[in-house]
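These notes are about the structure you will find just below.
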Amino acid sequence: MCLAIPGKIVEFDSVQPMLAKVDVAGVKRNINIGLMEDEQLALGDWVLIHVGFAMSKIGESEAADQLRMLRALGEDELAIEEVRGYSFAEHAAGQNPG
Amino acid sequence: MKYVDEFRDPELINNVSREIAHSVDPGRHYRIMEVCGGHTHAIYRHGLKDVLPENIELVHGPGCPVCVLPMGRVDDGLSIADDPDVIMTAFGDMMRVPGTRGTPLELKARGADIRMVYSPLDALRIAQNNPKKHVCFFAIGFETTAPSTALTLMRAKAQSVRNFSVFCNHVTIVPGIRAILDSPDMRLDGFVGPGHVSTVIGCRPYEFIACDYRKPVAVSGFEPLDILEGILLILRQLRAGEAKVENQYRRIVPWEGNLPALKAMAEVFRLRPYFEWRGLGFISQSALKLSPDYAAWDAEVQFEVPGVRVTDPKAAQCGEVLKGVLKPPQCKLFGTQCNPEHPVGALMVSSEGACAAYYRYARHEAGVSA
Ligand code: SF4
C-alpha cells in the first residue's frame, strides 16, 4: 500500500478527464489522475500509482527503478494484481471484486 | 552479504558502504530509525545489516499503517459489518488483521458481506451498483492513501451517492515520529525518512526533527543504494555536528510535496484531537476524521460505533516492536504462536510489518537472538 506502482499513460479519457489509462507491465487499466492537476501529463509519461490514483510524475528510468525495486521485494505480482483489480472505471464489463 | 548479487550495482554499494565505515566513530553506538515499513521490508530483504558497521543499529519505526491500528478499531469497524444491510470494503492487508472476534476474512467466512478492494473508488462503485445496500470503506493508511480517500469522498458528495460511508483510520506520520522522540525509552541518532509518504507531504514537515530535536533526517528511496546513501547522509551530519532535513530521493520526492493532494485532504479531513496507536498509546492530533461537511458519509456519525479499547493479547509484544524497543524475534510468540499463516499481531500480516519481514528473510541466519 505504501510502495507505489509505476505506470505509463497510454490513453486519456475524453469524457472523464479525471481518468487515464495506464500500462503496468502489460496490464492496462484506468486510474484517477485528479491529483496531478499541477503537472502537464502527456501520452507516454510515467506516473507513480497508489490505490488507483496517480500521485507523482516520474521519468522513464525512475519507473524502471521502481519496477525493479518491487520485483526485488517480491511485490511485483501483488502490484500487478492490484492494478488488474481496479474496476472503478471499466465500462460495462466492470465487475465487483470480492 | 547474502543478497549482494541482486544489488543493482555492487560496486556502488561497496563504495557507499566503505564511506559509511569511514564516517562512523568506532567508539560510538548509532541508532538510526527507518520510519517507513517499506524500508523495513527492503532492509531485511537485502540483508543491509551485513553491509553496515557493527555499531550502527537500525531501529524499525511505526510506518506500517495496519500495524499501528489498535485492535479496538478493528472491532469497531467489524461492528459496522454486522449490520446485514452493510457491505464492508477494505484493502487486502486489512482483511487479515485480527480483531478480538477474528479477522475481517474470518468474519466474511461466517457470512458477513466484507469485500476486498484495491482502491477506495472501487468501494464507491460497489455502492453505486448496490443502491439497496450501504457500502462502508474501512480506510487505513498514512498520507500515501489519505488523498485517495479524500478524492473518493469528494466524488461521492458531488454525485450525491448517499449509500456510501468511510470508517476513517487515516493517520499522519509526523505526530508518530514526535511521539517516538518524546518517548523516554527511545534514544535515536537520526531518521531515514519515508519515501512515498513524502511525495505527498514533501520534506518540510520533518524540519521540527532537525530544529527542535537536533536529529538528522534523510528522506530516502527504497533500493539498497538509496537506503545506504540515506544512512551516509545522516552519519555525515552527525560527524559535522549538524541536524537538517536532506532529500536523498529527489528524483521522486518534491520538497513541497503534492499540493493538490494536500488540498484534497484539507477539504475533506480534520485532525482528531487524539487517536490511539498500537504500542504508542494516545497521540494528539495524529489522525484524521471527516470534516462536518462530510458527516453524511462518515461511518462514525452514521453508525453506532462502540469505540471499544482492547489491549493486545498478553504475550504479544507488538507495541514494543513498533516502538523499536524490541526486535521481532524477542517477542515470545514470534515464529511459534505468531507466524504469517496465523498472525497474532498485525506486524506479522503486512509485508511492511517488521515481524513479517523478519520472518521471511532474517529468521534463519540470525537464529533466535536479535
Ligand atoms: S511476533 Fe506477532 S505478537 Fe509478537 S510482536 Fe510480532 S506480530 Fe506481535
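The values are calculated or read from the model by the stated rules, or taken from the named source; none is laboratory data. Because the structure is a prediction, the values reported are computed rather than measured. Note that we place each Cβ from the backbone using ideal geometry, even for glycine, and neighbour counts take in every protein chain shown. These accessible areas exclude ligands, DNA and RNA; they are computed on the full protein's heavy atoms, side chains included. Shrake-Rupley method; radii C 1.70, N 1.55, O 1.52, S 1.80 Å.
Tell me the residue from B:Val161, B:Val197, B:Val97 that is open to solvent by less than 20 Å² (accessible area, probe 1.4 Å), facing chain A (nearest Cβ under 9 Å) and among the β-branched types (Val, Ile, Thr), please. Outline the logic, then answer.
Numbers: B:Val161 fails: facing chain A (nearest Cβ under 9 Å); B:Val97 fails: facing chain A (nearest Cβ under 9 Å).
Step by step, each of B:Val161, B:Val197, B:Val97 is checked, and only B:Val197 is open to solvent by less than 20 Å² (accessible area, probe 1.4 Å), facing chain A (nearest Cβ under 9 Å) and among the β-branched types (Val, Ile, Thr).
For (1) at positive phi; (2) buried (at least 22 other Cβ atoms within 10 Å of the Cβ); (3) part of a helix (DSSP H, G or I); (4) not aromatic (Phe, Trp, Tyr), each residue gets a yes or a no:
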| residue | (1), (2), (3), (4) |
| --- | --- |
| A:Lys8 | no, no, no, yes |
| A:Val22 | no, yes, no, yes |
| A:Gln66 | no, yes, yes, yes |
| A:Glu77 | no, no, yes, yes |
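For residues that are over 15 Å from B:Ala362 (Cα atoms) and open to solvent by less than 30 Å² (accessible area, probe 1.4 Å), scanning just the range B:316-330, find the one that is nearest to the chain's Cα centre (by Cα).
B:Leu322
Given (1) over 30 Å from B:Arg45 (Cα atoms); (2) within 12 Å of chain A (Cβ to nearest Cβ); (3) surrounded by fewer than 24 Cβ atoms within 10 Å (Cβ to Cβ), where does B:Thr89 come up short, assuming only one miss?
Among (1) over 30 Å from B:Arg45 (Cα atoms); (2) within 12 Å of chain A (Cβ to nearest Cβ); (3) surrounded by fewer than 24 Cβ atoms within 10 Å (Cβ to Cβ), B:Thr89 violates only (3).
Does B:Val301 count as within 8 Å of the ligand (Cβ to nearest atom), away from chain A (no Cβ under 14 Å) and among the aliphatic types (A, V, I, L, M)?
no
Limited to the range B:273-297, what total is found for residues that are outside any loop (DSSP other than H, G, I, E, B) and either within 16 Å of the ligand (Cβ to nearest atom) or of a type in the set (S, T, N, Q) (or both)?
Looking only at that region, the number is 2.
Would you confirm, using the coordinates I've provided, whether B:Leu69 is buried (at least 22 other Cβ atoms within 10 Å of the Cβ), under 24 Å from B:Ala295 (Cβ atoms) and within 16 Å of the ligand (Cβ to nearest atom)?
On the way: buried (at least 22 other Cβ atoms within 10 Å of the Cβ): yes; under 24 Å from B:Ala295 (Cβ atoms): yes; within 16 Å of the ligand (Cβ to nearest atom): yes.
Criteria met by B:Leu69.
Here is a list of conditions, (1) near the ligand (Cβ under 10 Å from one of its atoms); (2) open to solvent by less than 40 Å² (accessible area, probe 1.4 Å); (3) on the phi < 0 side of the Ramachandran plot, and B:Gly335 meets all of them except one; can you say which number that is?
The one condition B:Gly335 does not meet is (3).
Scan the range B:259-270 for residues that are away from chain A (no Cβ under 13 Å) and in contact (Cβ under 8 Å) with a residue 24 or more places away in the chain and jot them down.
The one that is away from chain A (no Cβ under 13 Å) and in contact (Cβ under 8 Å) with a residue 24 or more places away in the chain: B:Phe269.
Check whether at least one residue in the range B:240-247 is modelled with pLDDT of 95 or more, more than 14 Å from chain A (Cβ to nearest Cβ) and closer than 24 Å to B:Val325 by Cβ, and report yes or no.
Yes; the residues of the range B:240-247 include at least one that is modelled with pLDDT of 95 or more, more than 14 Å from chain A (Cβ to nearest Cβ) and closer than 24 Å to B:Val325 by Cβ.
Quick test of your reading of the structure: B:Val74 fulfils all but one of (1) open to solvent by less than 20 Å² (accessible area, probe 1.4 Å); (2) in contact (Cβ under 8 Å) with a residue 60 or more places away in the chain. Name the failing condition by number.
(2)
Before we move on, is B:Ala156 within 13 Å of another protein chain (Cβ to nearest Cβ) and either open to solvent by 30 Å² or more (accessible area, probe 1.4 Å) or touching a His at 6+ places or on another chain (Cβ under 7 Å) (or both)?
No.
Here is a check on your reading of the model: is B:Ala264 away from the ligand (no atom under 16 Å from the Cβ), surrounded by 19 or more Cβ atoms within 10 Å (Cβ to Cβ) and more than 30 Å from A:Ser61 (Cα to Cα)?
no
Name the single residue, out of those in the range B:100-122 being facing another protein chain (nearest Cβ under 9 Å) and in a helix (DSSP H, G or I), that is surrounded by the fewest Cβ atoms within 10 Å (Cβ to Cβ).
B:Lys108
If the requirement is being surrounded by fewer than 22 Cβ atoms within 10 Å (Cβ to Cβ), among the acidic types (Asp, Glu), assigned to a loop (DSSP other than H, G, I, E, B) and under 23 Å from the mean Cα position of the chain (by Cα), which of these qualifies: B:Glu256, B:Glu304, B:Glu300? Walk me through how you get there before you give the answer.
Details: B:Glu304 fails: under 23 Å from the mean Cα position of the chain (by Cα); B:Glu300 fails: assigned to a loop (DSSP other than H, G, I, E, B).
From the options B:Glu256, B:Glu304, B:Glu300, the qualifying one is B:Glu256.
Condition check ((1) out of contact with any Asp or Glu (no Cβ under 9 Å at 6 or more places or on another chain); (2) polar (S, T, N, Q); (3) within 11 Å of the ligand (Cβ to nearest atom); (4) away from chain A (no Cβ under 14 Å)) across all residues:
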site	(1), (2), (3), (4)
B:Leu326	no, no, yes, yes
B:Pro340	yes, no, yes, no
B:Pro343	yes, no, yes, yes
B:Glu352	no, no, no, no
B:Tyr358	yes, no, yes, yes
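Within the range B:224-237, is there a residue that is of a type in the set (A, V, I, L, M, F, W, C) and open to solvent by 20 Å² or more (accessible area, probe 1.4 Å)?
Yes.
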